[in-house]
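Down below is the structure, laid out as structure tokens.
The values are calculated or read from the model by the stated rules, or taken from the named source; none is laboratory data. What you are looking at is a predicted structure, and each value in this text was computed from that prediction instead of being measured. Glycine gets a Cβ as well: all are built from the backbone with ideal geometry, and neighbour counts include every protein chain shown.
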Amino acid sequence: MKRSFVIENLGCAHCAAKMERSVSALPGVNSCSVNFLTSKMTIDADDDKMDDIFASAAKIVKKFEPNAALKA
Amino acid sequence: MKKQIIRIAAALILFIPAILMRSDPDLYIFSLVLFIASYMIAGFDVLAGAVRSAAGGDIFGENLLMSIATVGAFLIGEFPEGVAVMLFFRVGEMFEDLAVSRSRRSISALMDIRPDKANLLLSGEISEVPAEDVSPGDVIVIRPGEKVPLDAVVIRGASSVDTSALTGESIPRDVSSGSEVLSGFINMTGVIEARVTKPFGETTASRILDLVENSASKKSKAESFITRFSRYYTPSVVAAAILIAFVPPVLFGFSGFSVWAYRALSFLVVSCPCALVISVPLAFFGGIGAGARLGILFKGGVYIESLSHTETAVFDKTGTLTSGEFSVRDILPQGGIDKDELLRLVALCESCSSHPISLSIRAHAGSISGSVSDIEEIPGFGVCATIDGVRVFAGNLKLMQRLSVHVPERSFPGTVVHACADGRYLGCIVVTDNIKPGARAALEDLRSLGVKRTVMLTGDVASSARDVSQDIGISEVFSSLLPDEKTEMLDTLLASPGRKGSLVYIGDGINDAPSLAISDVGVAIGAVSSAAAIEASDVVIMSDDISKVPSALRLSKRTVRIARENIVFALFVKISILILCAFGFASMWAAVFADVGVAVIAILNSLRALDHKKY
């Protein structure tokens with residue numbers, strides 16, 4: 001299932017690209033796309049794994065852009 | 001924003017005296033202190049961010065590389081450079097943030113077509129509620145000046161609405177009881193009450209917004225190139241920096257280490273591909289947003305790219321180039337009756353048929369009299385009826401042949417309805433499909449934009465097709481095609497030898513799905529609410545206006561050009577500065593410009609793609 005999240009304070013497009021790649025590589029994630037211009041991250045993954053994936057994705061966001069935060 | 005300005009100002013205030021004090025040997029220590037203080041104010045966040053991202057495993061983050069570059073500058077004794085670069089970097093970052101938020105705001109303003117409140121009419125009381133809470137069947141009130149929040153059908157009142165947000169049409173549309181109003185229309189003159197037909201998430205405006213947002217994932221080749229490029233760019237530049245720092249000193253002696261170190265540190269400053277990574281997607285997203293405002297929905301940047309080098313344009317005829325409504329062109333009686341009589345007889349015959357041709361004949365005839373009975377439809381041939389006691393037949397040539405009625409040899413421009421009674425030929429009525437106004441200009445426009453081949457595919461007869469194509473100026477016509485044959489024809493065109501540009505198919509969507517799917521770019525025209533057409537096509541034109549096709553082509557060419565300008569500019573400047581830095585002809589200051597200055601310029605250039613008035 002696809003779910004969209006907002007990334008607050010997303011300022012660096014390069015970082016957005018890195019986030020997209022890292023989250024796509026997470027187990028259980030079918031695909032991930034980050035739209036830098038709308039500050040949205042869309043993750044396509046199994047429903048039951050979504051909570052764990054969200055937690056991992058939030059950490060990934062922090063890793064590449066410490067000032068940004070992934071919001072549910 | 002304010003914090004950034006205060007920080008930069010504070011750092012500057014300490015920096016300037018530090019530079020002045022530097023030359024005085026007595027004050028040298030103080031200048032160092034000021035430099036460090038200034039640096040910490042300007043760069044603390046960057047350093048903190050560097051530590052965090054490095055700890056998380058990201059060694060190619062901009063913060064880390066910038067920190068290494070500036071701290072490195074300090075270590076080789078270049079205090080002013082270190083602080084200046086950090087200051088410059090923060091200033092540039094601030095401008096970059098400004099440019100990005102300006103872009104984001106422009107895009108959301110462009111897409112602000114859907115209000116989120118509705119005036120719900122319940123038991124005579126109007127209350128303002130979130131549009132999401134309104135269900136189909138509820139009645140809403142839209143006052144003059146308000147935007148229509150949901151798709152609905154007018155049940156009371158009359159007004160003019162501005163449809164430009166959805167269709168790009170500047171001419172207002174009149175609506176009254178029974179008319180459909182869509183979310184995103186702006187009500188202009190009168191108050192209207194309307195019954196909601198779709199929930200908030202499924203309204204036309206919502207679907208458009210979803211489409212625009214999702215379009216970012218259908219990346220153009222340019223965007224994919226940038227993504228791949230940026231993966232290799234930063235590590236390569238960092239690797240080059242390490243080589244520059246350590247290889248020449250080994251070869252030429254360690255005394256020159258600080259010179260080479262300085263050059264290597266400059267490299268680190270240019271290592272972020274931000275200019276490209278932001279500006280290219282921004283150009284395409286801007287193009288998509290601008291298109292949406294014109295009533296042209298691109299489903300992805302990749303289609304903007306494909307459309308920009310269109311070489312072949314293939315058109316469906318009925319409904320695309322023509323309005324789909326027929327009109328009587330000629331009445332040619334024979335056998336002793338006059339025009340009015342022929343018209344009367346045929347119109348009476350067709351009185352129960354709903355075929356567009358019948359409708360046009362009846363419309364032309366107006367109010368007629370006669371006793372009609374035993375009306376019979378003969379599918380594929382025509383109709384017959386008993387009029388004033390006589391059995392009259394009206395239909396195509398096949399019908400006349402079946403009745404062994406002799407029809408004089410003639411070629412007619414358009415579709416012909418023959419009539420006969422008692423085995424005697426009565427004459428025929430010629431109807432033609434109305435060509436859309438502006439079709440001719442649109443075709444001319446397309447040719448001037450580089451479209452070399454224009455083709456029309458139609459199931460209609462050759463004479464009718466030729467009529468239209470000659471009037472509009474389409475070079476190749478293939479008529480009398482069955483639906484399968486249309487797709488086969490398209491396959492043949494796609495496989496044409498020497499074909500370099502894109503093949504674009506333009507149709508009205510209803511039975512064009514396979515054609516729309518196999519062409520390089522499928523454009524559905526006039527499909528405002530048809531979900532099926534929106535599904536099958538790559539570009540949706542939200543009105544019947546065929547002049548939007550050349551507009552779309554112009555938009556795509558300009559957008560691609562803007563993206564290309566940015567790529568060439570950014571790459572050229574960055575690589576030039578890298579080379580100059582490597583040989584010592586450029587300082588770290590130039591490097592900072594190559595990094596942030598280029599980014600800001602590229603982003604501002606991409607904003608031009610949002611301008612929808614140019615098409």
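Which count do you get for residues in region B:163-205 that are hydroxyl-bearing (S, T, Y), in contact (Cβ under 8 Å) with a residue 24 or more places away in the chain and surrounded by fewer than 21 Cβ atoms within 10 Å (Cβ to Cβ)?
Going through region B:163-205 one residue at a time, the tally reaches 4.
Among the listed residues B:I244, B:I186, identify the single one that is hydrophobic (A, V, I, L, M, F, W, C) and touching a helix residue (DSSP H, G or I) at 6+ places or on another chain (Cβ under 6 Å). Full working, then the answer.
Details: B:I186 fails: touching a helix residue (DSSP H, G or I) at 6+ places or on another chain (Cβ under 6 Å).
After ruling out the rest, the residue left standing is B:I244.
So that you can scan it fast, the table gives a plain yes or no per residue for (1) closer than 21 Å to B:L64 by Cα; (2) at the interface with chain B (Cβ under 8 Å from one of its Cβ atoms):
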position: A:C12; (1), (2): yes, yes
position: A:S22; (1), (2): yes, no
position: A:A25; (1), (2): no, no
position: A:T38; (1), (2): no, yes
position: A:D48; (1), (2): no, no
position: A:D52; (1), (2): no, no
position: A:A55; (1), (2): no, no
position: A:I60; (1), (2): yes, no
position: A:A69; (1), (2): yes, no
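Evaluate the following for B:G395: is it within 48 Å of the chain's Cα centre (by Cα) and farther than 14 Å from B:L426 by Cβ? Before the answer, list the steps.
Numbers: within 48 Å of the chain's Cα centre (by Cα): yes; farther than 14 Å from B:L426 by Cβ: no.
Considered against the rule, which asks whether it is within 48 Å of the chain's Cα centre (by Cα) and farther than 14 Å from B:L426 by Cβ, B:G395 comes out as no.
For B:V51, only one of the following conditions fails: (1) at pLDDT 85 or above; (2) not assigned by TED's automatic domain parsing to the domain that holds B:A264. What is its number?
Only one criterion is unmet by B:V51, namely (2).
Select from region B:134-162 the residues that are of a type outside the set (A, V, I, L, M) and under 10 Å from B:E193 (Cα atoms) and write down the one among them that is surrounded by the most Cβ atoms within 10 Å (Cβ to Cβ). Write out each step before concluding.
Taking region B:134-162 and keeping what is of a type outside the set (A, V, I, L, M), we get B:135-138, B:143-147, B:149, B:151, B:156-157, B:159-160, B:162.
Those left that are additionally under 10 Å from B:E193 (Cα atoms): B:143, B:156-157.
Values: B:R143: 12, B:R156: 14, B:G157: 17.
Ranking the qualifying residues of region B:134-162, first place goes to B:G157.
Strands (runs of 3 or more DSSP E) wholly in region B:410-525 with at least 1 residues that are of a type in the set (S, T, Y) and over 26 Å from B:V540 (Cα atoms) - which ones?
Here the list reads B:415-421, B:424-435.
Just one of (1) touching a Leu at 6+ places or on another chain (Cβ under 9 Å); (2) buried (at least 16 other Cβ atoms within 10 Å of the Cβ); (3) assigned to a helix (DSSP H, G or I) trips up B:R7, so point out which.
Of the numbered conditions (1) touching a Leu at 6+ places or on another chain (Cβ under 9 Å); (2) buried (at least 16 other Cβ atoms within 10 Å of the Cβ); (3) assigned to a helix (DSSP H, G or I), the odd one out for B:R7 is (1).
What's the number of the condition B:L34 fails, among (1) free of Cβ contacts under 8 Å to residues at least 24 places away in the same chain; (2) out of contact with any Pro (no Cβ under 8 Å at 6 or more places or on another chain); (3) in a helix (DSSP H, G or I)?
Among (1) free of Cβ contacts under 8 Å to residues at least 24 places away in the same chain; (2) out of contact with any Pro (no Cβ under 8 Å at 6 or more places or on another chain); (3) in a helix (DSSP H, G or I), the lone unmet condition for B:L34 is (2).
Could you list, in sequence order, the residues of region B:247-288 that are of a type in the set (S, T, Y) and modelled with pLDDT under 85?
The initial filter retains those residues of region B:247-288 that are of a type in the set (S, T, Y), namely B:255, B:258, B:262, B:266, B:271, B:279.
Correct list: B:S255, B:S258.
I need every pair where a residue in region B:223-239 that is under 16 Å from B:L265 (Cα atoms) has its Cβ under 6 Å from the Cβ of a residue that is in a helix (DSSP H, G or I), sequence separation at least 6 or different chains.
Sorted first by the residue in region B:223-239, then by its partner, the pairs are B:V237/B:F267.
Suppose the filter is among the aliphatic types (A, V, I, L, M), exposed (fewer than 14 other Cβ atoms within 10 Å of the Cβ), at pLDDT 85 or above and more than 25 Å from B:D471 (Cα to Cα); does B:V390 pass it?
Details: among the aliphatic types (A, V, I, L, M): yes; exposed (fewer than 14 other Cβ atoms within 10 Å of the Cβ): yes; at pLDDT 85 or above: yes; more than 25 Å from B:D471 (Cα to Cα): yes.
Taking the combined requirement at face value, the residue satisfies it.
Please find, within region B:236-254, the residue that is surrounded by the fewest Cβ atoms within 10 Å (Cβ to Cβ) out of those that are β-branched (V, I, T) and over 50 Å from the mean Cα position of the chain (by Cα). Spell out how you get there, then give the answer.
Going residue by residue through region B:236-254, those that are β-branched (V, I, T) are B:237-238, B:242, B:244, B:247, B:250.
Filter once more, so that each one left must be over 50 Å from the mean Cα position of the chain (by Cα): B:247, B:250.
Numbers: B:V247: 12, B:V250: 10.
Once the filter is applied, the top-ranked residue is B:V250.
Do we have any residue at all in region B:74-82 that's at pLDDT below 85, β-branched (V, I, T) and farther than 16 Å from A:A13 by Cα?
Looking through region B:74-82, none of the residues is at pLDDT below 85, β-branched (V, I, T) and farther than 16 Å from A:A13 by Cα.
Does any residue of region B:49-56 turn out to be under 22 Å from B:Y233 (Cα atoms) and touching a Phe, Trp or Tyr at 6+ places or on another chain (Cβ under 6 Å)?
No, the conditions are met nowhere in region B:49-56.
Name the strands (runs of 3 or more DSSP E) wholly within chain A that hold at least 3 residues that are surrounded by 14 or more Cβ atoms within 10 Å (Cβ to Cβ)? Break it down stepwise before answering.
Numbers: elements: A:2-8, A:29-35, A:40-45, A:69-71.
So the answer is A:2-8, A:29-35, A:40-45.
Return the residues of region B:31-57 that are within 47 Å of the chain's Cα centre (by Cα), of a type outside the set (S, T, Y), buried (at least 17 other Cβ atoms within 10 Å of the Cβ) and more than 13 Å from every other protein chain (Cβ to nearest Cβ); say none if nothing qualifies.
B:I41, B:A42, B:G43 - these are the residues of region B:31-57 that are within 47 Å of the chain's Cα centre (by Cα), of a type outside the set (S, T, Y), buried (at least 17 other Cβ atoms within 10 Å of the Cβ) and more than 13 Å from every other protein chain (Cβ to nearest Cβ).
Counting only residues that are within 13 Å of chain A (Cβ to nearest Cβ) and in a helix (DSSP H, G or I), how many does region B:58-73 have?
Initial filter on region B:58-73 (within 13 Å of chain A (Cβ to nearest Cβ)): B:58-67.
This time we only want the ones that are in a helix (DSSP H, G or I), so: B:62-67.
Of the residues in region B:58-73, 6 are within 13 Å of chain A (Cβ to nearest Cβ) and in a helix (DSSP H, G or I).
Of all helices (runs of 4 or more DSSP H) completely enclosed by region B:294-369, which ones contain at least 1 residues that are touching a Pro at 6+ places or on another chain (Cβ under 6 Å), modelled with pLDDT of 85 or more and surrounded by 21 or more Cβ atoms within 10 Å (Cβ to Cβ)? Write out each step before concluding.
On the way: elements: B:301-308, B:339-349, B:356-365.
By residue number, B:339-349.
Scanning for something away from chain A (no Cβ under 14 Å) and outside any helix (DSSP H, G or I), does region B:89-111 turn up at least one residue? Reasoning before the result, please.
Within region B:89-111, the first condition is being away from chain A (no Cβ under 14 Å), and the residues that meet it are B:91.
From what is left, the residues that are outside any helix (DSSP H, G or I) are none.
No; the residues of region B:89-111 include none that is away from chain A (no Cβ under 14 Å) and outside any helix (DSSP H, G or I).
Matching residues to (1) closer than 30 Å to B:I472 by Cα; (2) within 14 Å of another protein chain (Cβ to nearest Cβ); (3) in contact with a His (Cβ under 9 Å, 6 or more places away or on another chain); (4) in contact (Cβ under 8 Å) with a residue 12 or more places away in the chain:
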| site | (1), (2), (3), (4) |
| --- | --- |
| B:F254 | no, no, no, no |
| B:A283 | no, yes, no, yes |
| B:A290 | yes, yes, yes, yes |
| B:L297 | yes, no, no, yes |
| B:G301 | no, yes, no, yes |
| B:S308 | yes, no, no, yes |
| B:T322 | yes, no, no, yes |
| B:S327 | yes, no, yes, yes |
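Quick check on my filter: what residues within region B:227-248 are within 10 Å of chain A (Cβ to nearest Cβ) and in contact with a Ser or Thr (Cβ under 9 Å, 6 or more places away or on another chain)?
If the condition is that a residue be within 10 Å of chain A (Cβ to nearest Cβ) and in contact with a Ser or Thr (Cβ under 9 Å, 6 or more places away or on another chain), then B:Y233, B:T234 are the ones that fit.
Looking at B:A48, B:A42 in this structure, which one is without any contact (Cβ under 8 Å) to a residue 24 or more places away in the chain and assigned to a helix (DSSP H, G or I)? Don't jump to the end; show me each part of the working.
Working: B:A42 fails: without any contact (Cβ under 8 Å) to a residue 24 or more places away in the chain.
So the residue among B:A48, B:A42 that is without any contact (Cβ under 8 Å) to a residue 24 or more places away in the chain and assigned to a helix (DSSP H, G or I) is B:A48.
Test B:L578 against the criterion of being in contact with a strand residue (DSSP E or B) (Cβ under 6 Å, 6 or more places away or on another chain), among the hydrophobic types (A, V, I, L, M, F, W, C) and part of a helix (DSSP H, G or I), and give yes or no. Please lay out each step first, then the result.
On the way: in contact with a strand residue (DSSP E or B) (Cβ under 6 Å, 6 or more places away or on another chain): no; among the hydrophobic types (A, V, I, L, M, F, W, C): yes; part of a helix (DSSP H, G or I): yes.
So B:L578 does not fit the description; no.
Might you let me know whether region B:544-551 holds any residue that is modelled with pLDDT under 85 and crowded, with 20+ Cβ neighbours inside 10 Å?
No, because not a single residue in region B:544-551 is modelled with pLDDT under 85 and crowded, with 20+ Cβ neighbours inside 10 Å.
Looking only at helices (runs of 4 or more DSSP H) that fall completely inside region B:193-293, which ones have 1 or more residues that are under 26 Å from B:D611 (Cα atoms)?
Numbers: elements: B:204-215, B:221-252, B:257-269, B:274-293.
Once the helices (runs of 4 or more DSSP H) in region B:193-293 are filtered for at least 1 residues that are under 26 Å from B:D611 (Cα atoms), what remains is B:204-215, B:221-252, B:274-293.
Here is a yes/no grid of residues against (1) at positive phi; (2) of a type in the set (D, E); (3) touching a Pro at 6+ places or on another chain (Cβ under 7 Å):
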{"position": "B:P514", "(1), (2), (3)": "no, no, no"}
{"position": "B:D520", "(1), (2), (3)": "no, yes, no"}
{"position": "B:E565", "(1), (2), (3)": "no, yes, no"}
{"position": "B:F572", "(1), (2), (3)": "no, no, no"}
{"position": "B:L580", "(1), (2), (3)": "no, no, no"}
{"position": "B:G584", "(1), (2), (3)": "yes, no, no"}
{"position": "B:W589", "(1), (2), (3)": "no, no, no"}
{"position": "B:F593", "(1), (2), (3)": "no, no, no"}
